[in-house]
Every structure is written in C-alpha cells, then in structure tokens.
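Have a look at the structure below, then the notes.
The values are calculated or read from the model by the stated rules, or taken from the named source; none is laboratory data. Note that the coordinates shown come from a computational prediction; the quantities given were computed from them, not determined experimentally. Cβ placement follows ideal geometry from the backbone for every residue including glycine, while neighbour counts extend to all protein chains displayed.
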Amino acid sequence: MAKTWADKKQETIRTLFFSVIFLNAFGIFLFWLTNNWQNAPADLRLVSIGDLLGLFLALSVLHQFVLQSRLPVMERYVGTVLQQRLHRLNGYLIFYLLLAHIFFVTFGHQHLHNLNFIDQTVSQFEHYPWVWLAYIAAVILIGVIAMSITMVRSKLRYEYWYLIHLSVYIAVLSAFWHQINNGLDLLSNDVFRAYWYALYIVVLGTIGWYRFGRLVMRYFIYDFTVSKVEKAAGGVVSIYISSKKPLPDDFFIPGQFGIWRFFAKKLWWQTHPFTISTGSPKNGLRLTPKAVGDYTTDLQKIKPGTKLFFDGPHGVFTTERLEGAKPLFIAGGIGITPIRAMLEGLGDKAKDAIVLYSVRSPGDLALSSELEEISKRTGAKIHYIFSENAPKSGYKGIIDKQLVAKLVKDVKKRKVALCGPPGMMSAVEQALIELGVPKEHIFTERFAFTAK
Ligand SMILES: Cc1cc2nc3c(=O)[nH]c(=O)nc-3n(C[C@H](O)[C@H](O)[C@H](O)COP(=O)(O)OP(=O)(O)OC[C@H]3O[C@@H](n4cnc5c(N)ncnc54)[C@H](O)[C@@H]3O)c2cc1C
C-alpha cells in the first residue's frame, strides 16, 4: 500500500525535527573544536573534553524540555509516544554525560594540580564561584533520573513522581548559572554566549508559553466550562464542555487527546490526559473518563459550571493515519473513546469501517448508543465481544486471531486503529501480524504515559 500524504508529511517533519537537533549539536561541537580544543595546551586536553561533555549535557537537558514543551508541531507529527520514549532515552544520556563531565573536569584539573580526586573536588568549591550550584543541579538530576527508572517509578504514585520531576527547573537554573560563571566557552566568546542565552530563552519561552501562557489565553478566549455530566456506562461519565466562542474546524483531529485541569476541589492541582470523545470541533469538547483511581473517581462527581484549562490537542492516533485503506477499529473497555471520535470523524468513509468492541459485560459498554447511531447513518459494522456475560446478540470470548479472521475477511488490506488495556493490545497486535496485517498499518494508543 502506497504511503499517504499524511504519512509523508509526518516523516518529513520528523526528519526536519531530528535534523535541527543534530545540526545544532554539530554546530556546538565545531565551535568547541575551533575555540576550545585547538587552543587547549596538552595538559588541559582532559578538561577540554570535560567542557564539551558539559555543553552536550546542558544541550541534552534542553532537549528534555523541548520534548515536554507540548509544541503543537511536535505533538502532531512526532507524537506523544515517541516523545516520551526519546525523553526516557535522553534521561539516560544525561546521566552518563553528567558523570563523564564531572569526571573529566575534575580528573583533568587533578592531574594539573597533583591532587587526589576528593581534594580536587574540594578545591573546585574553593576556587570557582558558584560551582556548588552545579553540584546541586547534579544531585537533583541524578535523583530525578533514579526516580524515573521503571522499577522505582512503578512503586511511586504518578502525582509524586510528577512533583519530583518539577525540581528539574531548579536544576536547570542552577546549572545555567554555573555555565555562565564557570564555562570556558561561554566566558571567552561573546557570540557563543549570546547564542547560548538565545537557546535558553527560546526553549524555556516555548515551554512557558505552551504549558502555561497559551492555556491562560485560551481560558479567556473560550471560557471552557463543564456544561453537562452524563452517565456513559458503569463507572464512566461523559463530561461536556461548553465554550463562549465556537471552536475552529481544525481545533482537533478526531482521535486526539487533551490534558485537562479542572478548577474544582481535589482536582485543581492535577492534570490528566483524556481523549476528546467527540468526532468534530463543531460538537465542542467532551471527555469520557472511567473511574480507575482517586482522580477519575472524583471526576465522576464534577459539577456543571466548573471551569477548566484545556491543554491540547495532542497525539497522532487520528483519522489521518487511516487514510488510503478501509479502517478496522479494535477497542477494549474505555479504549472506545478515540475510536468513537474517529468513527464519527470519518464522515461518509465510515461506511467501510468495521468496529470490534470488547468489554466484560453489557453494562460496561460505553458510548454504544452513539456508535449505533453512527452505524445506522453510515453503514459502519459494529461487533460487540463480551468476555464474561454475553447477551444473545453478542460474541462471547476475547478478540483473538480466529475471531478477527471470521469477522474481518479482508483484514490484510485494512489499516487498524487499536486502543485498550495493555495486555489486550499486545495480544491483538500479535494476532493481526499473524493474520498478515503489516506492522506499519497498525496504529495504537496506550492510555498511560509509559515510555518503553
Ligand atoms: C493519551 C491518553 C488518553 C486517555 N484517554 C482516556 C479516556 O478517554 N478515558 C479514560 O477513562 N481514561 C483515559 N486515559 C487514562 C487516564 O488518563 C487515566 O486513567 C487517569 O489519569 C488515571 O488517574 P487516577 O488518578 O484516577 O488513577 P491512578 O490509579 O492514579 O492511575 C492509573 C494509571 O494512570 C496513569 N496516570 C495517572 N495519573 C496520570 C496523569 N496525571 N497523567 C498521565 N497518566 C496518568 C498512570 O499510568 C497510572 O498508573 C488516557 C490516557 C492517555 C495517556
């Protein structure tokens, strides 16, 4: 199947994004080579390498900010999943660069002054102003990276882990002060110093705008307010959001999600991701949360009139990915939310769609009346699969290879959008591959920011 325009656009923008990152790093390397390394006397070569590692360390920390900045072009074309994965890998890179930077600078000076490693470290505190800030930054960064290791992270509540992550801002400011006071490259060259300041201003400005400024601006433009809360299934509600101004047609693409902050007791201090469960900006915003923990349980009781910040849209699990082939949607449980949005978003093209929607019992079916309505209007086929209590009209069991082969005869030729619990998604993805669906035609959305 030929690549669609949307696929090509995504590839081009991703390539551009990585090229900018690479060229910037290469430019810094060239500057260091010509200004630092080539002028460094032989006995300062280790320190010079330490300087380069320090520059790359600072750059990698800025890359973490870029990856978390919610820059729309990145959200749309790089996508949250890839950004989270890069964020995680870059975290390890920062760890190694940090140790290597400290080692090379200290070891390089130690040789010069004939001191042991510890004495040299103490002497740096005495001779270089602000170096203690660098060590504060190092301790914070190592702490945050340690907390993010999967084993530790899985034992920490998301909220605590998030709050600990915020200390990185202190680390960045401390490290910046250390760089401009101790960094040879920055002290010796005005142009490079100006460039370095600009880099920080652009990155921190971007994150400040997209994570805060834009939300406030939207708050005043749209005045997003909870207008209605409706039961959608057992333990699931749909929360409708009104706005004082109609949303533009390109406000979101069906299937995308938002990060929501509701200004209500117990909820205001947290943000959580939820899919926009309507199929078109014309119908406004809506989210359909299932109660799985403290926050989502409290959210079920939210009152009409509550104001909110909407951060988004985010994500690349959208109708755009499905162009060029007939769609097959596979949903498990609350994973139906983006699928329901996409089904509506397809418009007339939904006539070719097949939906396999698996839940435990009929009481767990969410948004099914809306699915039925779209099916009636467009001809989309919907099959319900029940793992525990199946009514006569539904299939009993799970979505496996045999069932997909039976219900979707032309599965090989379809593009698949899959969303559900992690175990189900892995099993279904494997079954689809065994049935001959190319891996690049299977698009998934995981309802957790696990960046494996
Ligand atoms: C892209 C995306 C779209 C989603 N869409 C929907 C949807 O339409 N309907 C729905 O019911 N659920 C959706 N979720 C899942 C929803 O975000 C979590 O169920 C919710 O945040 C759990 O919060 P809790 O405190 O009630 O539960 P907890 O028991 O505290 O958390 C359960 C799990 O949810 C994740 N989580 C918790 N808090 C956050 C947070 N602030 N940010 C990111 N992840 C968090 C963690 O992996 C955690 O282990 C979506 C998640 C993602 C990533």
State all residues of the range 322-344 that are out of contact with any Gly (no Cβ under 6 Å at 6 or more places or on another chain) and of a type in the set (Asp, Glu); if no residue qualifies, say none. Glu323
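Going by the structure shown, is Ile276 under 22 Å from Thr444 (Cα atoms), within 15 Å of the ligand (Cβ to nearest atom), buried (at least 17 other Cβ atoms within 10 Å of the Cβ) and of a type in the set (Val, Ile, Thr)?
On the way: under 22 Å from Thr444 (Cα atoms): yes; within 15 Å of the ligand (Cβ to nearest atom): yes; buried (at least 17 other Cβ atoms within 10 Å of the Cβ): yes; of a type in the set (Val, Ile, Thr): yes.
It is true that Ile276 is under 22 Å from Thr444 (Cα atoms), within 15 Å of the ligand (Cβ to nearest atom), buried (at least 17 other Cβ atoms within 10 Å of the Cβ) and of a type in the set (Val, Ile, Thr).
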Quick one: in the range 65-77, which of the residues that are in contact with a helix residue (DSSP H, G or I) (Cβ under 6 Å, 6 or more places away or on another chain) and within 16 Å of the ligand (Cβ to nearest atom) is modelled with the highest pLDDT? Leu67
The one condition Thr288 fails out of (1) more than 7 Å from the ligand (Cβ to nearest atom); (2) farther than 22 Å from Val216 by Cα; (3) crowded, with 16+ Cβ neighbours inside 10 Å is (1)
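Of all residues in the range 175-211, count the ones that are of a type outside the set (A, V, I, L, M), within 30 Å of Ser243 (Cα to Cα) and either in contact with a Phe, Trp or Tyr (Cβ under 9 Å, 6 or more places away or on another chain) or surrounded by 15 or more Cβ atoms within 10 Å (Cβ to Cβ) (or both).
As a first pass, look at the range 175-211 and keep what is of a type outside the set (A, V, I, L, M): 176-179, 181-183, 185, 188-190, 192-193, 195-197, 200, 205-206, 208-211.
Next cut, within 30 Å of Ser243 (Cα to Cα) only: 205-206, 208-211.
Filter again for either in contact with a Phe, Trp or Tyr (Cβ under 9 Å, 6 or more places away or on another chain) or surrounded by 15 or more Cβ atoms within 10 Å (Cβ to Cβ) (or both), leaving 206, 209-211.
The number of residues fulfilling the criteria is 4.
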Looking only at the range 291-302, how many residues end up being more than 10 Å from the ligand (Cβ to nearest atom) and exposed (fewer than 14 other Cβ atoms within 10 Å of the Cβ)? 1
Here is a list: Leu55, Leu44. Which entry is assigned to a helix (DSSP H, G or I), touching a residue at least 60 places away in the same chain (Cβ under 8 Å) and in contact with a Leu (Cβ under 8 Å, 6 or more places away or on another chain)? Leu44
First in the range 235-259 and in the same structural domain as Glu344 (by TED's automatic domain parsing), second anywhere and assigned to a loop (DSSP other than H, G, I, E, B) and within 16 Å of the ligand (Cβ to nearest atom), Cβ under 8 Å, 6 or more apart: none
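Give the range 258-273 a look and list any residue that's part of a loop (DSSP other than H, G, I, E, B) and either among the basic types (Lys, Arg) or buried (at least 17 other Cβ atoms within 10 Å of the Cβ) (or both), or say none.
Within the range 258-273, the first condition is being part of a loop (DSSP other than H, G, I, E, B), and the residues that meet it are 263-271.
Result: Ala264, Lys265, Lys266, Leu267, Thr271.
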Please verify whether Val216 is hydrophobic (A, V, I, L, M, F, W, C), at pLDDT 95 or above and under 22 Å from Ile140 (Cβ atoms), treating the condition exactly as stated. no
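Can you name every residue in the range 226-250 that is more than 13 Å from the ligand (Cβ to nearest atom) and out of contact with any Gly (no Cβ under 9 Å at 6 or more places or on another chain)? Quick ask: steps written out before the conclusion?
Taking the range 226-250 as the starting set, the residues that turn out to be more than 13 Å from the ligand (Cβ to nearest atom) are 226-231, 240-250.
Across the range 226-250, the qualifying residues are Lys228, Val229, Glu230, Lys231, Lys244, Lys245, Pro248, Asp249, Asp250.
Filter the range 3-33 down to the residues that are part of a helix (DSSP H, G or I) and charged (D, E, K, R) and list them by number.
From the range 3-33, those part of a helix (DSSP H, G or I) are 5-33; that's our starting set.
Asp7, Lys8, Lys9, Glu11, Arg14 - these are the residues of the range 3-33 that are part of a helix (DSSP H, G or I) and charged (D, E, K, R).
Quick one: which of Thr306, Thr318 is among the polar types (S, T, N, Q) and under 20 Å from the mean Cα position of the chain (by Cα)? Explain how you work it out, then say what you get.
Working: Thr306 fails: under 20 Å from the mean Cα position of the chain (by Cα).
Selected residue: Thr318, the only one of Thr306, Thr318 that is among the polar types (S, T, N, Q) and under 20 Å from the mean Cα position of the chain (by Cα).
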Which of the numbered conditions does Leu204 fail, given that it passes all the others? Conditions: (1) touching a residue at least 12 places away in the same chain (Cβ under 8 Å); (2) of a type outside the set (Val, Ile, Thr); (3) farther than 16 Å from Val61 by Cα. (3)
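Just a yes or no: is a residue in the range 6-18 closer than 30 Å to Lys412 by Cβ and surrounded by 18 or more Cβ atoms within 10 Å (Cβ to Cβ)?
Let us first name the residues in the range 6-18 that are closer than 30 Å to Lys412 by Cβ, namely 6-15.
If we keep only those that are surrounded by 18 or more Cβ atoms within 10 Å (Cβ to Cβ) too, we end up with 6, 10.
Within the range 6-18, one or more residues are closer than 30 Å to Lys412 by Cβ and surrounded by 18 or more Cβ atoms within 10 Å (Cβ to Cβ).
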Quick count over the range 425-444, residues being within 15 Å of the ligand (Cβ to nearest atom) and farther than 30 Å from Met147 by Cβ, is 1
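Yes/no matrix, rows are residues, columns are (1) over 26 Å from Leu346 (Cα atoms); (2) more than 15 Å from the ligand (Cβ to nearest atom); (3) in contact with a Ser or Thr (Cβ under 8 Å, 6 or more places away or on another chain):
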{"residue": "Lys392", "(1), (2), (3)": "yes, yes, no"}
{"residue": "Gly397", "(1), (2), (3)": "yes, yes, yes"}
{"residue": "Val404", "(1), (2), (3)": "no, yes, no"}
{"residue": "Lys415", "(1), (2), (3)": "no, yes, no"}
{"residue": "Cys419", "(1), (2), (3)": "no, no, yes"}
{"residue": "Gly423", "(1), (2), (3)": "yes, no, no"}
{"residue": "Arg446", "(1), (2), (3)": "no, no, no"}
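Quick one: would you say Gly255 is in contact with a Phe, Trp or Tyr (Cβ under 6 Å, 6 or more places away or on another chain), assigned to a loop (DSSP other than H, G, I, E, B) and either within 11 Å of the ligand (Cβ to nearest atom) or more than 23 Å from Val359 (Cβ to Cβ) (or both)? Before you say what the answer is, go through the steps one by one.
On the way: in contact with a Phe, Trp or Tyr (Cβ under 6 Å, 6 or more places away or on another chain): yes; assigned to a loop (DSSP other than H, G, I, E, B): yes; either within 11 Å of the ligand (Cβ to nearest atom) or more than 23 Å from Val359 (Cβ to Cβ) (or both): yes.
Taking the combined requirement at face value, the residue satisfies it.
I need the full set of residues from the range 217-245 which are aromatic (Phe, Trp, Tyr) and outside any helix (DSSP H, G or I), in order please. Before you say what the answer is, go through the steps one by one.
At the first step, the residues of the range 217-245 found to be aromatic (Phe, Trp, Tyr) are 219-220, 222, 224, 240.
Phe224, Tyr240, listed by residue number.
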For the range 158-174, how many residues are modelled with pLDDT under 90 and either among the charged types (D, E, K, R) or crowded, with 21+ Cβ neighbours inside 10 Å (or both)? 1
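Taking the condition of being within 13 Å of the ligand (Cβ to nearest atom) and not in a helix (DSSP H, G or I), how many residues in the range 303-347 meet it? Let's see the steps before the verdict.
If we filter the range 303-347 for residues that are within 13 Å of the ligand (Cβ to nearest atom), which is where we start, we get 311-318, 331-342.
Within this subset, residues satisfying the condition of being not in a helix (DSSP H, G or I) are 311-318, 331-332.
Result for the range 303-347: 10.
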Looking only at the range 243-282, filter to residues that are out of contact with any Pro (no Cβ under 9 Å at 6 or more places or on another chain) and of a type in the set (Ser, Thr, Tyr); which one of those is farthest from Leu365 (Cα to Cα)? Ser243
